[in-house]
Amino acid sequence: QVQLVESGGGLVQAGGSLRLSCTASVSIFSIFFMGWYRQAPGKQRELVATISSTFNTNYAESVKGRFTISRDNAKNTVYLQMNSLKPEDTGVYYCRGGLGYREYWGQGAQVTVSS
């Protein structure tokens, strides 16, 4: 069973930065398609950013230029660097790992941006 463990959430003022990490308990992490999603109170979960096994990245329009997704396969870890944070970035951030038809989710990390 693959486990994904997020860390790095917290409370930050608008304009600040946070870095989320997601570590996978799997030796074949390098071939996983990884992504970050978020869910704000009362809203549906939405895509934030993805990174493929070949390091191709994709971002939601709302975070382009502010967030950066990256991965370190030697550490089985994917990161989300979040800069210039806005109150509307507040939510629970989830890490997702995909391999073929299988997908795995982390438990979520709370990010709160105060104005």
Would you say residue 115 is in contact with a helix residue (DSSP H, G or I) (Cβ under 9 Å, 6 or more places away or on another chain), among the small types (Gly, Ala, Ser) and surrounded by fewer than 20 Cβ atoms within 10 Å (Cβ to Cβ)? yes
Hits in region 1-26 - residues which are assigned to a loop (DSSP other than H, G, I, E, B), of a type in the set (S, T, N, Q) and either surrounded by 17 or more Cβ atoms within 10 Å (Cβ to Cβ) or touching a residue at least 40 places away in the same chain (Cβ under 8 Å) (or both): 3, 17, 25
Please pick out the residue among 101, 94, 79 that is in contact with a Leu (Cβ under 8 Å, 6 or more places away or on another chain) and open to solvent by 20 Å² or more (accessible area, probe 1.4 Å). 79
Show the residue pairs meeting these rules: Cβ distance below 6 Å; 6+ apart or different chains; first residue within region 44-64 and assigned to a loop (DSSP other than H, G, I, E, B); second residue among the β-branched types (Val, Ile, Thr) and open to solvent by 80 Å² or more (accessible area, probe 1.4 Å). 53/31
Checking residue 32 against (1) in contact with a Ser or Thr (Cβ under 8 Å, 6 or more places away or on another chain); (2) modelled with pLDDT of 95 or more, only one condition comes out false. Which one? (2)
Residue check: is residue 46 under 24 Å from residue 2 (Cα atoms) and loosely packed, with under 15 Cβ neighbours inside 10 Å? yes
Enumeration of residues in region 27-41 that are assigned to a loop (DSSP other than H, G, I, E, B) and under 16 Å from residue 79 (Cα atoms): 32
Checklist (1) touching a strand residue (DSSP E or B) at 6+ places or on another chain (Cβ under 9 Å); (2) within 30 Å of residue 115 (Cβ to Cβ) applied to residue 52, failing item: (2)
I'm trying to understand the selection: among the residues of region 90-113, which are in contact with a Lys or Arg (Cβ under 7 Å, 6 or more places away or on another chain) and free of Cβ contacts under 8 Å to residues at least 12 places away in the same chain? 103
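The values are calculated or read from the model by the stated rules, or taken from the named source; none is laboratory data. Here the structure is a predicted model, which means the values were calculated and not measured. No Cβ is skipped: glycine too gets one built from the backbone with ideal geometry, and neighbour counts run over all protein chains shown. Note: areas computed on protein heavy atoms with side chains; ligands, DNA, RNA excluded. Shrake-Rupley method; radii C 1.70, N 1.55, O 1.52, S 1.80 Å.
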